[in-house]
Each structure stands twice: as C-alpha cells, then as structure tokens.
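The values are calculated or read from the model by the stated rules, or taken from the named source; none is laboratory data. Since we're looking at a predicted model, the values are computed, not measured. Note that each Cβ is placed from the backbone with ideal geometry, even for glycine, and that neighbours are counted across all protein chains shown.
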C-alpha cells in the first residue's frame, strides 16, 4: 500500500512540472485529462506517494485511478467525439487563423536591415 503524502503547494507544483510530459502546470488549479479514467482533474487533487526508497510518485487526481503523468493530456485526444476534444481543436483552429489587418504591399519601406 502506497504511503500518500501531503506536500506544500509549491513542492507539489514543482513535482507536477518536473514529471508531467508537457511540463505545463501554471498553478494547481490547472486541469488535465487522464487516459486511464477519461476524467478531468486538477493539480490539487493529484495524489503523491513515497516508495520504500523515498522516491516520490504522482497519481491521477480522480479517486481509484492510478494513472501517472505519462497518461495525462490537455484534452481527451483519444476520443474524437468528446466535447472537450472538439472544443480544444476548435480553439486551435481559431488561434491559427490569420488576423485581419493591413496587407503588406511592394511599396512598404518598413524592411529590416
């Protein structure tokens, strides 16, 4: 049975940043999806446990799920029909669209040296 620990917020956040594949944990309120349980959780709910050698390990914040950082993602990419996946992909499309503005012409003299 793992020995679960309560860590100070800053130490837990540093562990999440070090061990998550994307390294993208701006704060403990940040949410990820777990491939194991197909649920969303935040950094506050992530469980930390210590093995017999004193090494710290992270588990998904969803009760009874033992998903680890390798199983976490920003959106449920494994499910094309999931509303969160559709929302995420739509946001990506929107941010990739060129912004409207003045078109550059051949007469522009704003050319870097």
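Name every residue in region 38-62 that is in a loop (DSSP other than H, G, I, E, B), out of contact with any helix residue (DSSP H, G or I) (no Cβ under 9 Å at 6 or more places or on another chain) and under 19 Å from residue 76 (Cα atoms), in order of residue number. Those that are in a loop (DSSP other than H, G, I, E, B), out of contact with any helix residue (DSSP H, G or I) (no Cβ under 9 Å at 6 or more places or on another chain) and under 19 Å from residue 76 (Cα atoms): 38, 39. Here residue 61 fits the description: without any contact (Cβ under 8 Å) to a residue 40 or more places away in the chain and either surrounded by 17 or more Cβ atoms within 10 Å (Cβ to Cβ) or under 13 Å from the mean Cα position of the chain (by Cα) (or both).
Inside region 34-62, residues that are within 19 Å of residue 12 (Cβ to Cβ) and touching a strand residue (DSSP E or B) at 6+ places or on another chain (Cβ under 9 Å) make up a count of 18. Scanning region 1-34 for residues being in a loop (DSSP other than H, G, I, E, B), under 25 Å from residue 53 (Cβ atoms) and at pLDDT 90 or above gives a total of 3.
Examine region 30-46 for a residue that is more than 13 Å from the chain's Cα centre (by Cα) and touching a residue at least 40 places away in the same chain (Cβ under 8 Å), and state whether such a residue exists. So far as region 30-46 goes, yes, one or more of its residues are more than 13 Å from the chain's Cα centre (by Cα) and touching a residue at least 40 places away in the same chain (Cβ under 8 Å). Here region 84-113 is the region considered, the condition is being exposed (fewer than 10 other Cβ atoms within 10 Å of the Cβ) and within 30 Å of the chain's Cα centre (by Cα), and the residue that is modelled with the lowest pLDDT is 99. Residues of region 63-83 that are at pLDDT 90 or above and over 16 Å from residue 20 (Cα atoms): 63, 64, 65. Kindly indicate the residue of region 8-21 that is closer than 19 Å to residue 67 by Cα and in contact (Cβ under 8 Å) with a residue 12 or more places away in the chain and also surrounded by the most Cβ atoms within 10 Å (Cβ to Cβ) among those meeting that condition. Among them, the one singled out is 16.
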